[in-house]
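Read through the structure below, which is laid out as structure tokens, and then see the notes.
Just so you know, all these numbers are worked out from the coordinates, no wet-lab data involved. Predicted model, so just to flag it, every value in this text is computed and none were measured. Glycine gets a Cβ as well: all are built from the backbone with ideal geometry, and neighbour counts include every protein chain shown.
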Amino acid sequence: SKTALTVATVAFGAALSLPAAVIDFSTEPNIAGSWDNHAQYGTAGTATWDEPNKDLDLAAATGDKWSLLSPTGATRGADESITLDVTSLSASSSRETDWTFVGLAISSTETPSFTADSLYTFRLLSIGSDINDDLWKYQVLDGTQAAIYDSVSDGGTAFSFGSLTMGIERNGDEYDFLVDGVSIFTSAATYSATVNDAMSHYHIAYGSGAFTTLGATVDNFGVIPEPGTYALLGGLFALSFVMVRRRR
């Protein structure tokens, strides 16, 4: 019927308008043509699709590099989570005061400046002598690059890396920062609710200092749409199916 066709058309259109879902890198992501590898500071690192393993290799060579990588034009809803699997991670340094990191970021602009825009960076960080000892910690930075959470400074210890999933998830007016689905920190009045609402851009963040190299493998990156979005679409498709059945 015309009504069923209309409902199905609406459902199909809603599906097409969904934000990009999680990217599993099972196919060539066309990093050079369809992604923005933004040099937030220094020179951008490199991202290479690993076809045999169906994941993405990141390299931040020496030279004070701080990169943000994301599909060009991709955005997220204010209540939608982002996720990233970090499956391998290695680094080396020839200077004790250097640093290196990989993780996630959300921002109010597609290519945020290093210290001037609304921004959260959630990262696995190694610094100083820990780099060559393969020890890491978690850190959350705001847009001024101030550490609003540091797992070691807040009583934890540096740890040897193992494959894990990082996430950023809305929690009321604030954000939760998650490891393997468990929140390890919740922002508290760093930004207003309005500013948090405006952080619609999301990125893989990675970088290293002038005397440090980083090699990381990541997978399953992107937006996890709100459950209600899929429930609505499922309901619309089910309704159109029932209406078609009744007309027969």
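For a test of the definition: using alpha carbon positions, the gyration tensor, and the 1.5 limit on a/c, classify region 87-212 as rounded, prolate or oblate.
Values: a/c = 2.00, a/b = 1.55, b/c = 1.29.
Prolate shape, in that a/c is at least 1.5 and a/b is the bigger ratio.
Which whole-Hz couplings ³J(HN,Hα) result when phi for each residue of region 199-214 is put into the Karplus expression 6.51 cos²θ - 1.76 cosθ + 1.60, θ = phi - 60°, listed in order with x for Gly and Pro?
7, 8, 9, 9, 8, 8, 10, 7, x, 7, x, 5, 10, 10, 10, 10
On a full-extension model of 0.36 nm per residue, what is the gain between residue 174 and residue 153, subtracting their alpha-carbon distance, rounded to one decimal in nm?
5.4 nm
Given H placed on each backbone N at 1.01 Å, which residues far from residue 185 in sequence or on other chains put an amide H within less than 5 Å of it?
Answer set, sorted by chain and number: 177.
Which ³J(HN,Hα) values, rounded to whole Hz and listed in residue order, are derived for region 159-169 from phi using the Karplus coefficients 6.51, -1.76 and 1.60 in 6.51 cos²θ - 1.76 cosθ + 1.60 with θ = phi - 60°, glycine and proline given as x?
Listing the rounded values in order: 9, 6, 5, x, 3, 7, 10, 9, x, 10, 9 Hz.
At R0 = 25 Å, how high is the FRET efficiency between residue 88 and residue 39 if r is their beta carbon distance? Nearest 0.05 is fine.
Values: r = 24 Å, r/R0 = 0.94.
Given R0 = 25 Å and the Cβ-Cβ separation, E is 0.60.
Along the Cα→Cβ direction, 7 angstrom out, place labels at residue 163 and residue 54. What is the inter-label distance in nm?
Distance between the two pseudo-spin positions: 1.3 nm.
Which residues in region 67-85 have a backbone N closer than 19 Å to a point placed 7 Å from the Cα of residue 22 along the Cα-to-Cβ line?
What the label zone holds, given the 19 Å backbone N cut-off, is 70-71, 75-85.
What order, most packed first, do the peptides 142-149, 204-211, 29-36, 95-102 have when packing is the mean number of other Cβ atoms within 10 Å of each residue?
Top to bottom by mean Cβ count within 10 Å: 204-211, 95-102, 142-149, 29-36.
For residue 118, enumerate residues with amide H under 5 Å from its amide H, sequence gap 5+ or separate chain, H modeled in the peptide plane.
For residue 118, whose amide H was placed from the backbone, the distant partners under 5 Å are 108.
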